[in-house]
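J.: Quick one: the structure is below, questions incoming.
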Amino acid sequence: MRESKANWLATAAQSRMNGRFEEAAAAYLKVLEQDPSDASSLRGLYYLQLNSDARQELLQPLRGLIEAAPPHPLAQYLLAHWLRDEDTAAALSLHRQAVRHGLPPWRLAAGGGPAAEAGGLPEVVILGAPKSGTTSLAAYLAGHPGLWLHPLKELHFFDNHWERGEGWYRSQFPPLRSPGLLRLEATPDYLQHPDTPQRMRSLIPDARLIVLLREPLDRALSWIGHMRTLIGLQGDSETLLREEAEALEAMEEEAVSRLGWFRPNALSGSLYAHQLRRWLAVWPSSQMLILRFEELALAPERVVRRCLAFLNLDGHALPSGRSYPVHNQGMASAGPIDPALARRCREGVLAEALNVWTQL
């Protein structure tokens with residue numbers, strides 16, 4: 001008897017949590033055999049931490065499934081991602097096909113011309129912080145007719161893929177015939193990467209930037225749960241936090257101010273004051289909107305309307321009676337921690353970040 005789609009998705013999730021990424025990939029492929037447009041499996045395969053040999057072994061069956069099914073933008077992006085080193089031209093062609101999906105012809109630059117070939121650049125970027133509601137906010141904003149959200153959401157161009165160049169980044173976005181539609185990307189890790197503010201400023205200096213911040217220790221705990229799900233992070237939460245706190249406390253202040261990813265990146269990812277100083281050193285504050293995750297959770301429509309006003313978009317164009325479901329909610333829990341450890345973090349390495357968050 002054939003396994004159900006739900007069972008294969010559960011197998012994939014469990015395999016990821018245990019660090020068995022090849023098993024997770026095989027389970028995702030089983031789902032795609034039944035439903036080639038399943039978004040969970042397509043995104044899961046895109047972000048799965050497979051080595052190049054494993055990806056090469058799975059490329060042909062994946063390609064067969066995607067090419068045999070009706071065109072789907074997420075599937076095209078995934079196949080392009082896996083083909084990027086083997087066939088760059090095919091990968092770029094798939095990007096161009098994906099960005100045109102669902103957009104009326106009058107929105108797009110004329111086919112075959114230089115503008116159409118070059119693609120576009122985003123006018124709006126959600127920067128982070130991770131586990132602060134960026135996936136939900138991006139989905140809510142995408143309901144507005146004046147916004148186009150990249151189907152993958154997280155492109156990681158300015159942090160992980162900068163060497164691919166402007167042409168690769170442009171190929172991710174639709175080439176527009178005229179103004180009136182804003183292109184949106186959301187990659188939460190941009191907030192923390194030390195080189196991203198200047199890189200982004202050099203390429204899209206007129207972009208509007210949106211930042212969501214969460215109570216810093218709550219974000220750190222949510223991140224630990226996320227990493228358990230994503231890569232099978234081992235160790236109890238208190239030990240992970242205590243070890244990271246000790247490492248940060250031992251650093252010189254200058255080193256902390258330049259800090260990027262610092263495993264497990266729970267407390268390090270919540271150092272908002274240092275992160276925002278880097279951004280505000282090169283970006284005008286008028287082009288940045290900084291919000292609280294907690295307000296998004298309690299009053300999503302109010303936050304969305306605030307974002308639309310910041311982007312000069314008509315708030316009345318939102319569909320009436322729309323719902324605001326939570327997206328990308330963590331499956332694994334970090335669990336409660338010792339109050340003394342929580343106090344140590346909030347009064348120590350997170351004190352400045354807590355002050356930033358409190359004053360929003």
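The values are calculated or read from the model by the stated rules, or taken from the named source; none is laboratory data. Just so it is clear, the structure is predicted and the values come from calculations on it, not from any experiment. Heads up, the Cβs are rebuilt from the backbone with ideal geometry, glycines too, and the neighbour counts pull from every protein chain shown.
J.: Taking region 19-36 as the search range and keeping residues that are charged (D, E, K, R) and either in the same structural domain as T135 (by TED's automatic domain parsing) or assigned to a loop (DSSP other than H, G, I, E, B) (or both), which one is nearest to D85 (Cα to Cα)?
T.: Ranking the candidates gives R20 first.
J.: I'd like the full set of residues that are touching a helix residue (DSSP H, G or I) at 6+ places or on another chain (Cβ under 8 Å), aromatic (F, W, Y) and farther than 17 Å from A220 by Cβ, limited to region 291-350.
T.: Y324 - this is the single residue of region 291-350 that is touching a helix residue (DSSP H, G or I) at 6+ places or on another chain (Cβ under 8 Å), aromatic (F, W, Y) and farther than 17 Å from A220 by Cβ.
J.: Still on this structure: If you go through region 351-360, how many residues are touching a residue at least 60 places away in the same chain (Cβ under 8 Å), out of contact with any helix residue (DSSP H, G or I) (no Cβ under 8 Å at 6 or more places or on another chain) and not hydrophobic (A, V, I, L, M, F, W, C)?
T.: Number satisfying all stated conditions: 0.
J.: Then there's this: Looking at R292, is it free of Cβ contacts under 8 Å to residues at least 24 places away in the same chain, surrounded by 14 or more Cβ atoms within 10 Å (Cβ to Cβ) and either under 24 Å from L147 (Cα atoms) or among the charged types (D, E, K, R) (or both)?
T.: Against the criterion (free of Cβ contacts under 8 Å to residues at least 24 places away in the same chain, surrounded by 14 or more Cβ atoms within 10 Å (Cβ to Cβ) and either under 24 Å from L147 (Cα atoms) or among the charged types (D, E, K, R) (or both)), R292 does not qualify.
J.: Any idea which of R63, R55 is touching a residue at least 24 places away in the same chain (Cβ under 8 Å) and surrounded by 13 or more Cβ atoms within 10 Å (Cβ to Cβ)?
T.: Only one candidate passes the filter, namely R55.
J.: Is it the case, given these coordinates, that V256 is over 30 Å from Q14 (Cα atoms), over 18 Å from the mean Cα position of the chain (by Cα), modelled with pLDDT under 95 and β-branched (V, I, T)?
T.: It is true that V256 is over 30 Å from Q14 (Cα atoms), over 18 Å from the mean Cα position of the chain (by Cα), modelled with pLDDT under 95 and β-branched (V, I, T).
J.: Taking into account only those residues within region 170-218 that are assigned to a helix (DSSP H, G or I) and among the polar types (S, T, N, Q), which is surrounded by the most Cβ atoms within 10 Å (Cβ to Cβ)?
T.: T196
J.: Any chance region 37-51 includes a residue that's at pLDDT below 90, more than 21 Å from P151 (Cβ to Cβ) and in a helix (DSSP H, G or I)?
T.: No, that holds for no residue.
J.: When region 79-89 is examined, which residues are found to be farther than 15 Å from Q56 by Cβ and more than 21 Å from the chain's Cα centre (by Cα)?
T.: Hits for region 79-89 are T88, A89.
J.: Still on this structure: Do any residues in region 179-192 that are at negative phi have Cβ atoms under 6 Å from those of residues that are among the aromatic types (F, W, Y), where the two are at least six apart or on different chains, and which pairs are they?
T.: L181/W148; R183/W148; R183/F173; Y190/F158
Let's see how each residue does on (1) assigned to a helix (DSSP H, G or I); (2) of a type in the set (A, V, I, L, M); (3) under 17 Å from L212 (Cβ atoms):
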position: V256; (1), (2), (3): yes, yes, no
position: A273; (1), (2), (3): yes, yes, yes
position: R302; (1), (2), (3): yes, no, yes
position: C307; (1), (2), (3): yes, no, yes
